[in-house]
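Novice: Provided herewith is a single structure, encoded as C-alpha coordinates, for subsequent inquiry.
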Amino acid sequence: MFSSHSDRVALRFGDRTLTHAELASCAGALAHQLAGLPRVAVWATPTIETCVAVVAALLAGVPAVPLNPKVGERELAHIVADSAPANVLAAPGVRLPDGLQSVPRREVTLDGRSDEPLPEPDAEAPALIVYTSGTTGAPKGVVLPRRAIVSTLDAVADAWEWTSSDVLVHALPLFHVHGLILGVLGPLRRGGTLHHLGKFSTAALAEALNGDGTMMFGVPTMYHRIAEEVGGNPELAQALKGARLLVSGSAALPVSDHERIAAATGQRVVERYGMTETLMNTSVRANGDRRPGAVGVPLPGVEVRLVDDAGAALAEPGAIGEIQVRGPNLFTEYLNRPDATAEAFADGWFRTGDVGTRDQDGYYRIVGRKATDIIKSGGYKIGAGEIENALLEHPAVAEVAVTGEPDDDLGERIVAWVVPSGAAPDERELVDHVARLLTPHKRPRLVRFVESLPRNDMGKVVKRALRA
Ligand code: MLC
Ligand code: AMP
(Lines give C-alpha, C1' and ligand atoms only; values in the text may rest on other atoms or scores of the structure.)
(Ligands and ions follow the chains in the order given, each with its own letter.)
Protein backbone atom coordinates (compact mmCIF):
# COMPACT_ATOMS: atom_id res chain seq x y z
CA MET A 1 0.00 0.00 0.00
CA PHE A 2 2.93 2.33 0.74
CA SER A 3 6.21 1.98 -1.07
CA SER A 4 8.20 5.06 -0.11
CA HIS A 5 11.20 4.66 2.19
CA SER A 6 12.56 8.12 1.40
CA ASP A 7 13.99 10.69 3.75
CA ARG A 8 11.21 13.06 2.86
CA VAL A 9 8.98 14.05 5.80
CA ALA A 10 5.89 11.83 5.76
CA LEU A 11 4.11 13.13 8.85
CA ARG A 12 4.32 16.41 10.67
CA PHE A 13 2.29 17.19 13.79
CA GLY A 14 3.50 20.41 15.46
CA ASP A 15 7.26 20.06 15.69
CA ARG A 16 7.17 16.24 15.67
CA THR A 17 7.99 14.65 12.34
CA LEU A 18 8.67 11.21 10.86
CA THR A 19 10.24 10.60 7.45
CA HIS A 20 8.87 7.83 5.24
CA ALA A 21 11.86 5.67 6.16
CA GLU A 22 11.39 6.29 9.91
CA LEU A 23 7.65 5.64 9.68
CA ALA A 24 8.18 2.37 7.77
CA SER A 25 10.63 1.24 10.40
CA CYS A 26 8.75 2.16 13.59
CA ALA A 27 5.35 1.09 12.21
CA GLY A 28 7.10 -2.08 10.96
CA ALA A 29 8.21 -2.91 14.48
CA LEU A 30 4.69 -2.47 15.83
CA ALA A 31 3.28 -4.46 12.89
CA HIS A 32 5.39 -7.48 13.88
CA GLN A 33 3.77 -7.34 17.35
CA LEU A 34 0.27 -7.10 15.90
CA ALA A 35 0.55 -9.76 13.19
CA GLY A 36 -2.03 -12.51 13.67
CA LEU A 37 -4.45 -10.52 15.85
CA PRO A 38 -8.03 -10.66 14.59
CA ARG A 39 -8.69 -6.91 14.94
CA VAL A 40 -7.42 -3.87 16.88
CA ALA A 41 -8.91 -0.55 17.96
CA VAL A 42 -6.94 2.67 17.62
CA TRP A 43 -7.52 5.55 20.06
CA ALA A 44 -7.51 8.10 17.26
CA THR A 45 -6.28 11.33 18.82
CA PRO A 46 -4.96 13.88 16.28
CA THR A 47 -1.37 12.74 16.83
CA ILE A 48 1.49 11.08 15.03
CA GLU A 49 0.93 7.93 17.16
CA THR A 50 -2.50 7.43 15.58
CA CYS A 51 -0.90 7.40 12.12
CA VAL A 52 1.82 4.98 13.26
CA ALA A 53 -0.80 2.66 14.79
CA VAL A 54 -2.96 2.62 11.66
CA VAL A 55 0.02 2.09 9.35
CA ALA A 56 1.25 -0.74 11.58
CA ALA A 57 -2.13 -2.46 11.46
CA LEU A 58 -2.19 -2.09 7.66
CA LEU A 59 1.32 -3.53 7.35
CA ALA A 60 0.32 -6.44 9.61
CA GLY A 61 -2.93 -7.08 7.74
CA VAL A 62 -4.89 -6.61 10.98
CA PRO A 63 -8.18 -4.70 10.57
CA ALA A 64 -8.15 -1.46 12.58
CA VAL A 65 -11.13 0.29 14.15
CA PRO A 66 -10.38 4.00 14.69
CA LEU A 67 -12.13 5.36 17.80
CA ASN A 68 -13.19 8.97 18.31
CA PRO A 69 -11.28 10.01 21.46
CA LYS A 70 -14.35 12.01 22.56
CA VAL A 71 -16.70 9.04 22.15
CA GLY A 72 -19.37 8.78 24.85
CA GLU A 73 -19.96 5.75 27.04
CA ARG A 74 -22.96 4.26 25.20
CA GLU A 75 -21.44 4.59 21.75
CA LEU A 76 -18.10 3.19 22.91
CA ALA A 77 -19.79 0.18 24.54
CA HIS A 78 -21.57 -0.54 21.26
CA ILE A 79 -18.41 -0.29 19.15
CA VAL A 80 -16.37 -2.44 21.53
CA ALA A 81 -19.07 -5.13 21.70
CA ASP A 82 -19.65 -5.06 17.95
CA SER A 83 -16.03 -5.04 16.77
CA ALA A 84 -14.44 -7.05 19.62
CA PRO A 85 -10.92 -5.61 19.30
CA ALA A 86 -8.08 -7.77 20.65
CA ASN A 87 -6.07 -4.69 21.65
CA VAL A 88 -6.49 -0.96 21.82
CA LEU A 89 -3.50 0.98 20.49
CA ALA A 90 -2.87 4.30 22.21
CA ALA A 91 -0.09 6.83 22.70
CA PRO A 92 1.80 6.54 26.00
CA GLY A 93 0.33 8.53 28.86
CA VAL A 94 -3.13 8.91 27.30
CA ARG A 95 -5.98 8.10 29.68
CA LEU A 96 -8.47 5.66 28.20
CA PRO A 97 -12.12 5.60 29.32
CA ASP A 98 -13.53 2.89 31.58
CA GLY A 99 -15.35 1.42 28.59
CA LEU A 100 -12.01 0.19 27.24
CA GLN A 101 -10.86 -1.42 30.45
CA SER A 102 -11.68 -4.91 29.19
CA VAL A 103 -9.49 -4.45 26.09
CA PRO A 104 -5.74 -4.99 26.57
CA ARG A 105 -3.82 -1.81 25.81
CA ARG A 106 -0.77 -1.68 23.60
CA GLU A 107 1.36 1.46 23.66
CA VAL A 108 2.33 3.08 20.39
CA THR A 109 5.87 4.35 20.58
CA LEU A 110 8.07 5.79 17.88
CA ASP A 111 11.27 4.09 18.96
CA GLY A 112 10.75 0.54 17.60
CA ARG A 113 12.75 -0.38 14.50
CA SER A 114 12.10 -3.17 12.01
CA ASP A 115 12.69 -3.16 8.29
CA GLU A 116 11.86 -6.82 7.89
CA PRO A 117 8.89 -6.86 5.49
CA LEU A 118 5.64 -8.63 6.30
CA PRO A 119 3.68 -10.45 3.56
CA GLU A 120 1.36 -8.12 1.60
CA PRO A 121 -2.23 -9.02 2.64
CA ASP A 122 -4.90 -9.92 0.10
CA ALA A 123 -6.50 -6.94 -1.66
CA GLU A 124 -9.96 -8.01 -0.43
CA ALA A 125 -8.84 -8.37 3.20
CA PRO A 126 -10.51 -5.91 5.57
CA ALA A 127 -8.18 -3.01 6.33
CA LEU A 128 -10.27 -0.55 8.32
CA ILE A 129 -13.64 -0.65 10.03
CA VAL A 130 -15.11 2.83 10.28
CA TYR A 131 -18.30 3.45 12.26
CA THR A 132 -20.96 5.60 10.63
CA SER A 133 -24.51 6.58 11.54
CA GLY A 134 -27.65 5.47 9.75
CA THR A 135 -31.25 6.63 10.00
CA THR A 136 -32.02 4.42 12.97
CA GLY A 137 -30.17 2.46 15.61
CA ALA A 138 -26.55 2.54 16.65
CA PRO A 139 -23.71 3.31 14.20
CA LYS A 140 -22.66 0.51 11.84
CA GLY A 141 -19.11 -0.66 11.21
CA VAL A 142 -18.22 -0.15 7.55
CA VAL A 143 -15.69 -2.80 6.51
CA LEU A 144 -13.23 -1.30 4.04
CA PRO A 145 -10.94 -3.63 2.11
CA ARG A 146 -7.44 -2.63 1.01
CA ARG A 147 -8.63 -2.62 -2.61
CA ALA A 148 -11.13 0.20 -1.88
CA ILE A 149 -8.51 2.35 -0.13
CA VAL A 150 -5.89 1.89 -2.81
CA SER A 151 -8.30 2.51 -5.69
CA THR A 152 -9.79 5.64 -4.14
CA LEU A 153 -6.38 7.12 -3.30
CA ASP A 154 -5.08 6.50 -6.81
CA ALA A 155 -8.27 7.89 -8.36
CA VAL A 156 -8.12 11.17 -6.43
CA ALA A 157 -4.39 11.44 -7.12
CA ASP A 158 -5.23 11.29 -10.81
CA ALA A 159 -7.99 13.91 -10.44
CA TRP A 160 -5.97 16.26 -8.27
CA GLU A 161 -2.53 15.74 -9.89
CA TRP A 162 -1.37 14.78 -6.40
CA THR A 163 2.34 13.84 -6.22
CA SER A 164 5.16 13.23 -3.77
CA SER A 165 6.00 16.95 -3.97
CA ASP A 166 2.74 17.90 -2.29
CA VAL A 167 2.52 18.91 1.35
CA LEU A 168 -1.08 18.40 2.44
CA VAL A 169 -2.33 20.60 5.30
CA HIS A 170 -5.43 19.79 7.32
CA ALA A 171 -6.97 19.62 10.78
CA LEU A 172 -9.50 16.85 10.23
CA PRO A 173 -10.25 14.21 12.85
CA LEU A 174 -8.44 10.90 12.31
CA PHE A 175 -11.36 8.53 12.96
CA HIS A 176 -13.27 9.14 9.71
CA VAL A 177 -12.64 8.57 6.04
CA HIS A 178 -11.90 12.19 5.20
CA GLY A 179 -9.12 12.83 7.72
CA LEU A 180 -7.74 9.30 7.99
CA ILE A 181 -7.98 7.70 4.56
CA LEU A 182 -7.67 10.75 2.29
CA GLY A 183 -5.79 12.88 4.79
CA VAL A 184 -3.23 10.43 6.22
CA LEU A 185 -3.07 7.41 3.92
CA GLY A 186 -3.26 9.70 0.86
CA PRO A 187 0.04 11.52 1.44
CA LEU A 188 1.68 8.26 2.53
CA ARG A 189 0.66 6.44 -0.64
CA ARG A 190 1.93 9.34 -2.78
CA GLY A 191 5.24 9.47 -0.93
CA GLY A 192 4.43 13.08 -0.02
CA THR A 193 3.84 14.89 3.26
CA LEU A 194 0.97 15.43 5.71
CA HIS A 195 1.16 18.50 7.93
CA HIS A 196 -1.60 18.06 10.51
CA LEU A 197 -2.59 21.14 12.49
CA GLY A 198 -3.94 19.29 15.53
CA LYS A 199 -6.91 21.63 15.75
CA PHE A 200 -8.46 23.81 13.06
CA SER A 201 -7.79 27.54 13.14
CA THR A 202 -7.40 29.99 10.28
CA ALA A 203 -4.17 31.26 11.85
CA ALA A 204 -2.53 27.80 11.92
CA LEU A 205 -3.76 27.13 8.40
CA ALA A 206 -2.37 30.41 7.06
CA GLU A 207 0.99 29.75 8.65
CA ALA A 208 1.20 26.22 7.22
CA LEU A 209 0.15 27.25 3.71
CA ASN A 210 2.48 30.26 3.78
CA GLY A 211 5.18 27.73 4.70
CA ASP A 212 5.64 24.68 2.49
CA GLY A 213 1.97 23.57 2.36
CA THR A 214 0.63 23.01 -1.16
CA MET A 215 -2.84 21.51 -0.63
CA MET A 216 -5.60 21.81 1.94
CA PHE A 217 -8.46 19.43 2.80
CA GLY A 218 -11.42 20.62 4.84
CA VAL A 219 -15.13 20.27 5.55
CA PRO A 220 -17.44 23.14 4.54
CA THR A 221 -17.60 24.44 8.14
CA MET A 222 -13.87 25.14 7.90
CA TYR A 223 -14.27 26.86 4.52
CA HIS A 224 -17.16 28.87 5.96
CA ARG A 225 -14.91 30.11 8.77
CA ILE A 226 -12.25 30.97 6.17
CA ALA A 227 -14.82 32.79 4.00
CA GLU A 228 -15.99 34.85 6.98
CA GLU A 229 -12.47 36.04 7.65
CA VAL A 230 -10.46 36.02 4.44
CA GLY A 231 -11.69 39.38 3.10
CA GLY A 232 -10.08 41.20 6.04
CA ASN A 233 -7.07 38.96 6.62
CA PRO A 234 -4.30 39.49 4.03
CA GLU A 235 -2.09 36.77 5.51
CA LEU A 236 -4.86 34.19 5.14
CA ALA A 237 -5.71 35.44 1.65
CA GLN A 238 -2.05 35.17 0.62
CA ALA A 239 -1.81 31.64 2.03
CA LEU A 240 -4.83 30.42 0.08
CA LYS A 241 -3.79 32.22 -3.06
CA GLY A 242 -0.43 30.42 -3.00
CA ALA A 243 -1.87 26.95 -2.46
CA ARG A 244 -1.91 24.53 -5.38
CA LEU A 245 -5.30 23.05 -4.48
CA LEU A 246 -8.03 23.58 -1.87
CA VAL A 247 -10.38 20.61 -1.60
CA SER A 248 -13.73 20.51 0.21
CA GLY A 249 -15.88 17.51 0.99
CA SER A 250 -18.07 15.60 3.48
CA ALA A 251 -20.98 18.03 3.03
CA ALA A 252 -22.15 20.65 0.55
CA LEU A 253 -19.97 23.74 0.21
CA PRO A 254 -22.34 26.73 0.02
CA VAL A 255 -21.97 28.73 -3.19
CA SER A 256 -21.62 31.96 -1.17
CA ASP A 257 -18.57 30.59 0.69
CA HIS A 258 -17.03 29.32 -2.56
CA GLU A 259 -17.51 32.77 -4.16
CA ARG A 260 -16.23 34.76 -1.17
CA ILE A 261 -13.04 32.70 -1.09
CA ALA A 262 -12.61 33.04 -4.85
CA ALA A 263 -13.11 36.82 -4.69
CA ALA A 264 -10.53 37.27 -1.92
CA THR A 265 -7.90 34.81 -3.16
CA GLY A 266 -8.46 34.00 -6.83
CA GLN A 267 -8.64 30.32 -5.77
CA ARG A 268 -11.70 28.29 -6.51
CA VAL A 269 -12.23 25.42 -4.08
CA VAL A 270 -12.42 21.97 -5.67
CA GLU A 271 -15.37 19.93 -4.40
CA ARG A 272 -15.48 16.18 -4.19
CA TYR A 273 -18.24 13.82 -3.06
CA GLY A 274 -17.67 10.77 -0.93
CA MET A 275 -19.11 8.54 1.74
CA THR A 276 -17.76 6.15 4.35
CA GLU A 277 -19.20 3.17 2.46
CA THR A 278 -18.00 4.25 -0.98
CA LEU A 279 -14.91 6.35 -0.28
CA MET A 280 -14.65 8.89 -3.11
CA ASN A 281 -17.20 8.92 -5.92
CA THR A 282 -16.89 12.14 -7.88
CA SER A 283 -14.67 15.20 -7.95
CA VAL A 284 -13.99 18.34 -9.82
CA ARG A 285 -10.62 17.69 -11.46
CA ALA A 286 -7.66 19.98 -10.77
CA ASN A 287 -7.66 21.04 -14.42
CA GLY A 288 -11.46 21.04 -14.67
CA ASP A 289 -14.06 23.78 -14.42
CA ARG A 290 -14.37 24.59 -10.69
CA ARG A 291 -18.08 25.27 -10.80
CA PRO A 292 -19.62 26.35 -7.49
CA GLY A 293 -22.25 23.94 -6.16
CA ALA A 294 -21.04 21.00 -8.28
CA VAL A 295 -19.17 17.90 -7.10
CA GLY A 296 -17.63 17.16 -10.50
CA VAL A 297 -17.41 13.99 -12.53
CA PRO A 298 -17.07 10.30 -11.58
CA LEU A 299 -13.54 9.41 -10.52
CA PRO A 300 -11.58 6.92 -12.66
CA GLY A 301 -13.02 3.41 -12.22
CA VAL A 302 -16.19 4.63 -10.45
CA GLU A 303 -19.62 4.26 -12.08
CA VAL A 304 -22.35 6.66 -10.97
CA ARG A 305 -26.01 6.59 -11.97
CA LEU A 306 -29.25 8.31 -10.99
CA VAL A 307 -32.43 6.31 -10.46
CA ASP A 308 -36.07 7.23 -9.94
CA ASP A 309 -38.25 6.00 -7.06
CA ALA A 310 -39.04 2.81 -8.99
CA GLY A 311 -35.33 2.07 -9.43
CA ALA A 312 -35.19 2.93 -13.14
CA ALA A 313 -32.01 4.62 -14.36
CA LEU A 314 -32.39 8.26 -15.44
CA ALA A 315 -30.30 9.18 -18.45
CA GLU A 316 -31.63 12.67 -19.26
CA PRO A 317 -29.43 15.58 -18.14
CA GLY A 318 -31.17 17.60 -15.45
CA ALA A 319 -33.26 14.65 -14.16
CA ILE A 320 -33.27 14.32 -10.38
CA GLY A 321 -32.86 10.95 -8.70
CA GLU A 322 -31.06 8.89 -6.10
CA ILE A 323 -27.30 8.60 -6.66
CA GLN A 324 -26.11 5.00 -6.92
CA VAL A 325 -22.50 3.92 -7.17
CA ARG A 326 -20.56 0.87 -8.35
CA GLY A 327 -16.80 0.32 -8.44
CA PRO A 328 -13.64 -0.82 -6.69
CA ASN A 329 -14.01 2.03 -4.17
CA LEU A 330 -16.91 0.31 -2.36
CA PHE A 331 -16.91 -1.27 1.10
CA THR A 332 -17.39 -5.01 1.58
CA GLU A 333 -20.14 -5.10 4.20
CA TYR A 334 -21.48 -3.66 7.43
CA LEU A 335 -19.87 -5.61 10.26
CA ASN A 336 -22.27 -8.19 11.76
CA ARG A 337 -25.15 -6.71 9.76
CA PRO A 338 -25.90 -8.84 6.68
CA ASP A 339 -29.45 -7.45 6.71
CA ALA A 340 -28.27 -3.85 6.43
CA THR A 341 -25.64 -4.81 3.83
CA ALA A 342 -28.24 -6.49 1.63
CA GLU A 343 -30.59 -3.53 1.94
CA ALA A 344 -27.85 -1.07 0.94
CA PHE A 345 -27.49 -2.52 -2.57
CA ALA A 346 -29.80 -2.64 -5.61
CA ASP A 347 -28.62 -4.91 -8.45
CA GLY A 348 -25.02 -4.56 -7.33
CA TRP A 349 -25.24 -0.76 -7.08
CA PHE A 350 -24.77 0.92 -3.70
CA ARG A 351 -27.71 3.15 -2.80
CA THR A 352 -26.20 6.32 -1.35
CA GLY A 353 -29.50 7.87 -0.23
CA ASP A 354 -28.25 11.15 -1.71
CA VAL A 355 -30.36 12.85 -4.33
CA GLY A 356 -28.59 14.45 -7.25
CA THR A 357 -28.69 15.62 -10.81
CA ARG A 358 -26.27 15.54 -13.75
CA ASP A 359 -25.53 18.54 -15.95
CA GLN A 360 -25.32 18.28 -19.73
CA ASP A 361 -21.53 17.85 -19.54
CA GLY A 362 -21.53 15.13 -16.89
CA TYR A 363 -21.02 17.26 -13.78
CA TYR A 364 -22.99 16.04 -10.76
CA ARG A 365 -24.77 18.22 -8.22
CA ILE A 366 -26.18 17.00 -4.93
CA VAL A 367 -29.59 18.48 -4.29
CA GLY A 368 -30.76 16.65 -1.18
CA ARG A 369 -31.07 13.40 0.68
CA LYS A 370 -33.79 10.73 0.71
CA ALA A 371 -33.90 10.31 4.50
CA THR A 372 -34.97 13.20 6.70
CA ASP A 373 -33.44 11.36 9.65
CA ILE A 374 -29.85 11.88 8.55
CA ILE A 375 -28.22 15.13 9.66
CA LYS A 376 -24.85 16.44 8.46
CA SER A 377 -23.42 18.86 11.01
CA GLY A 378 -19.86 20.15 10.76
CA GLY A 379 -19.28 17.39 8.19
CA TYR A 380 -20.25 14.67 10.67
CA LYS A 381 -23.07 12.31 9.71
CA ILE A 382 -25.55 11.88 12.55
CA GLY A 383 -28.73 9.78 12.77
CA ALA A 384 -31.73 11.49 14.37
CA GLY A 385 -32.81 8.14 15.84
CA GLU A 386 -29.70 7.62 17.94
CA ILE A 387 -30.11 11.06 19.54
CA GLU A 388 -33.82 10.45 20.13
CA ASN A 389 -33.03 7.13 21.85
CA ALA A 390 -30.42 8.81 24.05
CA LEU A 391 -32.79 11.62 25.04
CA LEU A 392 -35.63 9.18 25.80
CA GLU A 393 -33.41 7.64 28.46
CA HIS A 394 -33.44 10.93 30.35
CA PRO A 395 -36.16 10.87 33.04
CA ALA A 396 -37.32 14.41 32.20
CA VAL A 397 -38.10 13.51 28.57
CA ALA A 398 -41.51 12.02 27.73
CA GLU A 399 -41.37 12.29 23.93
CA VAL A 400 -38.81 13.63 21.53
CA ALA A 401 -38.12 14.23 17.86
CA VAL A 402 -34.77 15.33 16.46
CA THR A 403 -34.40 17.32 13.25
CA GLY A 404 -31.67 19.13 11.35
CA GLU A 405 -32.06 22.84 10.61
CA PRO A 406 -29.95 24.96 8.25
CA ASP A 407 -26.97 26.54 9.99
CA ASP A 408 -24.51 28.94 8.34
CA ASP A 409 -21.52 27.51 10.20
CA LEU A 410 -22.35 23.81 10.63
CA GLY A 411 -24.42 23.29 7.48
CA GLU A 412 -27.12 21.79 9.66
CA ARG A 413 -27.61 22.09 13.41
CA ILE A 414 -29.23 19.41 15.54
CA VAL A 415 -32.52 20.48 17.11
CA ALA A 416 -34.33 18.41 19.76
CA TRP A 417 -38.09 18.91 20.12
CA VAL A 418 -38.88 17.69 23.60
CA VAL A 419 -42.16 16.99 25.36
CA PRO A 420 -41.13 17.09 29.03
CA SER A 421 -42.46 14.47 31.40
CA GLY A 422 -42.96 17.08 34.14
CA ALA A 423 -41.58 20.57 34.65
CA ALA A 424 -39.35 21.60 31.72
CA PRO A 425 -35.84 20.23 32.37
CA ASP A 426 -32.68 22.26 32.09
CA GLU A 427 -31.62 22.49 28.42
CA ARG A 428 -27.90 22.26 29.30
CA GLU A 429 -28.50 19.00 31.15
CA LEU A 430 -30.12 17.39 28.12
CA VAL A 431 -27.33 18.59 25.84
CA ASP A 432 -24.64 17.22 28.17
CA HIS A 433 -26.56 13.95 28.52
CA VAL A 434 -26.28 13.36 24.75
CA ALA A 435 -22.63 14.46 24.65
CA ARG A 436 -21.79 12.03 27.47
CA LEU A 437 -23.69 9.01 26.11
CA LEU A 438 -22.90 9.44 22.40
CA THR A 439 -20.29 12.06 21.50
CA PRO A 440 -20.10 15.88 21.78
CA HIS A 441 -20.68 16.48 18.07
CA LYS A 442 -24.04 14.68 18.33
CA ARG A 443 -25.31 17.04 21.03
CA PRO A 444 -28.37 19.17 20.17
CA ARG A 445 -27.44 22.80 19.56
CA LEU A 446 -30.99 23.80 20.39
CA VAL A 447 -33.72 22.27 22.55
CA ARG A 448 -37.30 23.35 21.92
CA PHE A 449 -39.85 22.37 24.54
CA VAL A 450 -43.30 21.60 23.13
CA GLU A 451 -46.59 20.31 24.56
CA SER A 452 -46.99 17.61 21.94
CA LEU A 453 -45.47 16.38 18.69
CA PRO A 454 -47.38 16.45 15.38
CA ARG A 455 -48.26 12.87 14.47
CA ASN A 456 -49.97 11.27 11.49
CA ASP A 457 -52.81 8.72 11.63
CA MET A 458 -50.27 5.96 12.22
CA GLY A 459 -48.90 7.80 15.26
CA LYS A 460 -45.60 8.59 13.51
CA VAL A 461 -44.08 12.02 14.14
CA VAL A 462 -44.41 14.30 11.11
CA LYS A 463 -40.99 15.93 11.17
CA ARG A 464 -41.65 18.20 8.23
CA ALA A 465 -44.40 19.87 10.26
CA LEU A 466 -41.91 20.49 13.06
CA ARG A 467 -39.57 22.21 10.66
CA ALA A 468 -42.32 24.45 9.40
C1 MLC B 1 -19.03 21.75 23.62
N2 MLC B 1 -18.08 20.83 23.73
C3 MLC B 1 -18.55 19.89 24.54
C4 MLC B 1 -19.87 20.25 24.91
N5 MLC B 1 -20.12 21.41 24.33
N6 MLC B 1 -18.00 18.77 25.00
C7 MLC B 1 -18.73 18.00 25.82
N8 MLC B 1 -20.00 18.29 26.20
C9 MLC B 1 -20.60 19.40 25.77
N10 MLC B 1 -21.83 19.65 26.16
C11 MLC B 1 -16.73 20.90 23.12
C12 MLC B 1 -16.50 20.07 21.91
O13 MLC B 1 -16.17 18.75 22.21
C14 MLC B 1 -15.28 20.81 21.29
O15 MLC B 1 -14.10 20.52 21.97
C16 MLC B 1 -15.64 22.24 21.55
O17 MLC B 1 -16.55 22.21 22.65
C18 MLC B 1 -16.29 22.92 20.37
O19 MLC B 1 -17.11 21.98 19.74
P20 MLC B 1 -18.05 22.22 18.47
O21 MLC B 1 -18.71 23.53 18.54
O22 MLC B 1 -18.91 21.02 18.39
O23 MLC B 1 -17.20 22.12 17.19
P24 MLC B 1 -15.95 22.85 16.69
O25 MLC B 1 -14.81 22.60 17.54
O26 MLC B 1 -16.28 24.24 16.41
O27 MLC B 1 -15.73 22.00 15.37
C28 MLC B 1 -16.03 22.33 14.06
C29 MLC B 1 -15.23 21.42 13.18
C30 MLC B 1 -15.62 19.98 13.48
C31 MLC B 1 -15.50 21.77 11.74
C32 MLC B 1 -13.74 21.66 13.48
O33 MLC B 1 -17.02 19.85 13.32
C34 MLC B 1 -14.91 18.97 12.64
O35 MLC B 1 -13.74 18.66 12.86
N36 MLC B 1 -15.59 18.37 11.63
C37 MLC B 1 -15.02 17.37 10.74
C38 MLC B 1 -15.95 16.22 10.55
C39 MLC B 1 -15.40 15.18 9.60
O40 MLC B 1 -14.20 14.91 9.55
N41 MLC B 1 -16.26 14.56 8.80
C42 MLC B 1 -15.83 13.61 7.79
C43 MLC B 1 -16.71 12.38 7.80
S44 MLC B 1 -16.22 11.31 6.46
P45 MLC B 1 -12.66 20.70 21.34
O46 MLC B 1 -11.73 20.27 22.40
O47 MLC B 1 -12.65 19.79 20.14
O48 MLC B 1 -12.55 22.14 20.94
C49 MLC B 1 -17.26 11.70 5.20
C50 MLC B 1 -16.97 11.14 3.86
C51 MLC B 1 -16.49 12.25 3.02
O52 MLC B 1 -18.13 12.49 5.35
O53 MLC B 1 -17.05 12.49 1.93
O54 MLC B 1 -15.57 12.89 3.47
P1 AMP C 1 -20.38 9.89 5.85
O2 AMP C 1 -21.25 8.75 6.06
O3 AMP C 1 -19.99 10.61 7.08
O4 AMP C 1 -19.30 9.34 5.11
O5 AMP C 1 -21.13 10.95 4.99
C6 AMP C 1 -21.37 10.78 3.62
C7 AMP C 1 -22.37 11.78 3.14
O8 AMP C 1 -21.82 13.10 3.17
C9 AMP C 1 -22.79 11.59 1.72
O10 AMP C 1 -23.76 10.57 1.59
C11 AMP C 1 -23.34 12.97 1.38
O12 AMP C 1 -24.64 13.13 1.88
C13 AMP C 1 -22.43 13.89 2.16
N14 AMP C 1 -21.38 14.48 1.32
C15 AMP C 1 -20.09 14.13 1.17
N16 AMP C 1 -19.46 14.96 0.32
C17 AMP C 1 -20.37 15.86 -0.10
C18 AMP C 1 -20.35 17.00 -0.98
N19 AMP C 1 -19.24 17.39 -1.60
N20 AMP C 1 -21.49 17.68 -1.16
C21 AMP C 1 -22.62 17.32 -0.53
N22 AMP C 1 -22.71 16.28 0.32
C23 AMP C 1 -21.60 15.56 0.54
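The values are calculated or read from the model by the stated rules, or taken from the named source; none is laboratory data. Since this is a predicted model, take the numbers as computed values, not measurements. Cβ atoms come from the backbone with ideal geometry, glycine included; neighbour counts cover every protein chain shown. Quick note on the areas: whole protein, heavy atoms, side chains included, nothing else; ligands and nucleic acids left out. Shrake-Rupley method; radii C 1.70, N 1.55, O 1.52, S 1.80 Å.
Novice: Show me the helices (runs of 4 or more DSSP H) found entirely inside the stretch 140-250 where at least 3 residues are within 17 Å of the chain's Cα centre (by Cα).
Specialist: 146-160, 220-230
Novice: Please determine whether any residue of the stretch 435-450 is loosely packed, with under 13 Cβ neighbours inside 10 Å and at pLDDT 95 or above.
Specialist: Checked against the condition, which is being loosely packed, with under 13 Cβ neighbours inside 10 Å and at pLDDT 95 or above, the stretch 435-450 yields no hits at all.
Novice: May I pose another question? Between Ala390, Ala401, which is more than 9 Å from ligand 2 (Cβ to nearest atom), over 25 Å from Asn329 (Cα atoms) and in a helix (DSSP H, G or I)?
Specialist: Of Ala390, Ala401, the one residue that is more than 9 Å from ligand 2 (Cβ to nearest atom), over 25 Å from Asn329 (Cα atoms) and in a helix (DSSP H, G or I) is Ala390.
Novice: Can you tell me how many residues in the stretch 1-28 are open to solvent by 20 Å² or more (accessible area, probe 1.4 Å), among the small types (Gly, Ala, Ser) and closer than 20 Å to Gly61 by Cα?
Specialist: Residues in the stretch 1-28 being open to solvent by 20 Å² or more (accessible area, probe 1.4 Å), among the small types (Gly, Ala, Ser) and closer than 20 Å to Gly61 by Cα: 4 in total.
Novice: For the subset of the stretch 352-375 comprising residues that are crowded, with 17+ Cβ neighbours inside 10 Å and away from ligand 1 (no atom under 16 Å from the Cβ), which member is farthest from Arg291 (Cα to Cα)?
Specialist: Out of the qualifying residues, it is Asp373.
For (1) in a loop (DSSP other than H, G, I, E, B); (2) over 25 Å from Val80 (Cβ atoms), each residue gets a yes or a no:
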site: Leu330; (1), (2): yes, yes
site: Ala340; (1), (2): no, no
site: Phe350; (1), (2): no, yes
site: Val355; (1), (2): no, yes
site: Ile366; (1), (2): no, yes
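Novice: Based on this model, can you work out whether Leu236 counts as of a type outside the set (Phe, Trp, Tyr) and touching a strand residue (DSSP E or B) at 6+ places or on another chain (Cβ under 8 Å)?
Specialist: When the stated conditions are applied, Leu236 does not pass them.
Novice: Out of (1) part of a loop (DSSP other than H, G, I, E, B); (2) open to solvent by less than 30 Å² (accessible area, probe 1.4 Å); (3) farther than 27 Å from Asp408 by Cα; (4) of a type in the set (A, V, I, L, M), what's the single condition that is false for Ala294?
Specialist: All conditions are met except number (3).
Novice: Which one is farthest from ligand 1 (Cβ to nearest atom) among residues in the stretch 264-275 that are open to solvent by less than 20 Å² (accessible area, probe 1.4 Å) and in a loop (DSSP other than H, G, I, E, B)?
Specialist: For the stretch 264-275, the residue satisfying everything is Gln267.
Novice: Follow-up question, since we're still on this one. In the stretch 157-191, what count of residues is obtained for those that are of a type outside the set (Phe, Trp, Tyr) and within 23 Å of Ala64 (Cα to Cα)?
Specialist: Residues that pass the stated criteria total 21.
Novice: Working only within the stretch 381-396, note down all residues that are farther than 30 Å from Val255 by Cβ, among the hydrophobic types (A, V, I, L, M, F, W, C) and either touching a residue at least 60 places away in the same chain (Cβ under 8 Å) or open to solvent by 10 Å² or more (accessible area, probe 1.4 Å) (or both).
Specialist: Scanning the stretch 381-396 gives Ala390, Leu392, Ala396.
Novice: Looking at the stretch 381-410, which of its residues are touching a Leu at 6+ places or on another chain (Cβ under 9 Å) and either charged (D, E, K, R) or near ligand 1 (Cβ under 10 Å from one of its atoms) (or both)?
Specialist: Matches in the stretch 381-410: Glu386, Glu393, Glu399, Glu405.
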